[in-house]
1. Just the Cα atoms of the range 93-212, one point each, no solvent: what log10 I(q)/I(0) does Debye give at q = 0.22 Å⁻¹?
2. For the range 48-61, in order, what is each residue's ³J(HN,Hα) by Karplus, 6.51 cos²θ - 1.76 cosθ + 1.60 with θ = phi - 60°, in whole Hz (x at glycine and Pro)?
3. Mind grabbing the base-10 log of I(q)/I(0) for the range 160-263 at q = 0.14, 0.19, 0.23 Å⁻¹? Debye formula, identical points on the C-alpha positions, no solvent, two decimal places.
4. Label-point separation (nm) for residue 178 and residue 76, each offset 7 Å from Cα along Cα-to-Cβ?
5. Give the long-range amide H neighbours of residue 41: residues separated by 5 or more places, or on another chain, with amide H under 5 Å away, using H modelled in the peptide plane at 1.01 Å from N.
6. Cut-off 10 angstrom, C-alpha nodes, Gaussian network model of the chain. Which of 264, 50, 208 fluctuates the most?
7. As I understand it, the dipole of the range 168-322 uses +1 on the Cβ of Lys and Arg and -1 on the Cβ of Asp and Glu, about the Cα centre. Which of 298, 313, 219 lies farthest toward its positive end?
8. Once you keep just the Cα pairs under 8 angstrom separated by 6 or more residues, what percentage relative contact order results for the chain?
Amino acid sequence: MPKWKKVICLLLCVLIFFASSHCARKPKEKRKLVLIGIDAGSWNVINPLLEQGKLPNFKYLIDNGASGYLITFKRTNWSPVLWTSIITGKLPEKHGIQGYVSPKGFPINSTMRKVKDLPELLSQNGYSVGFVGFWGSWPAEKVRGVMVSDLFSLERYKESSRQANYTTTDYSYLLPVKQVTYPEDFVKEIYPLLLTPKQVPRETYARLILFNDQEWERFDNLQMMERKDFESLLKFALVSDINFYLITRYIQDNEKPEVLAVYLEGVDIVGHFFWRYMEPEYFSPVPKRDIERFKDAIRNYYQLVDEWLGELILASPQGTAF
């Protein structure tokens, strides 16, 4: 895969600066803010799709705001490090997250962070918040509003515990876990929203990649994520993003926080593992059928995210900043 820079779309740094800069003094009328974190968004994909008119909601945000490359980090492209810096405004040596695991080998979590993050800072300054799915957010910390930790991602859960059942395909594992959300019982409120991989219809998966009946049967029976099985990675990443999106919309409609934020990982996953099918000329021979099936997976994923952006925009009060 060509080494392409991670780009955090939708002005994430600008938005965080906007929110943080207003924490010192409370305005008389608080303008609502929606923060959408798209891991590893690439202008190499976005710009051609914009030119083709296939990302109308990205275009709306770009036309009505500012956009550019995130060049703050050149030392690492590890998601936990980057996203902790984004959510804290601090460099790794300050916030304490240096990789996917601690020096002792434990997966990163919120107790390892050395500084306050954006939801905590906003809460302390009187803003209501709803944050969903950000890296290292479990155990969920007390905020003025709601916090949904990254443990709702099946992948993240399975990485977080040596006792995790690696064939888990439902979300019953969440219920006995402490601080999976804040408030503690909010998990029970949003639990019915969650879709398992089996509950996501074939038509949704087929928006990303192609299937004949035999290929679908194999895909449908995938029970766990395996790094060597790219289809399993796409399947579980998509399900996690769908659930994070559904939870975010629920919070938007029912909690109505002043600052709403969600992290989506799927673009990063498909970018890492499906680029060879989009540009097979740069790789060793790629099977023709695989190219047919997977060549549009990355572009299709961006278009799906664009639809979610549009729904979040439409559901937001007039004047909301994105």
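1. Those come out to -1.26, one per q.
2. x, 5, 4, 4, 8, x, 9, 10, x, 7, 4, 4, 4, 5
3. Debye intensities relative to I(0), on a log10 scale: -0.66, -1.07, -1.33.
4. 2.7
5. Placed amide hydrogens put 7, 9 under 5 Å from residue 41.
6. Result: 50 has the largest fluctuation of those listed.
7. So the residue we want is 219.
8. RCO, the chain: 23 percent.
Values quoted throughout were computed directly from the atomic coordinates according to the rules given, and no laboratory measurement underlies them. Just so it is clear, the model here is predicted, and its values are computed rather than measured. FYI the Cβ positions are ideal-geometry reconstructions off the backbone, even for glycines, and counts take in every protein chain you see.
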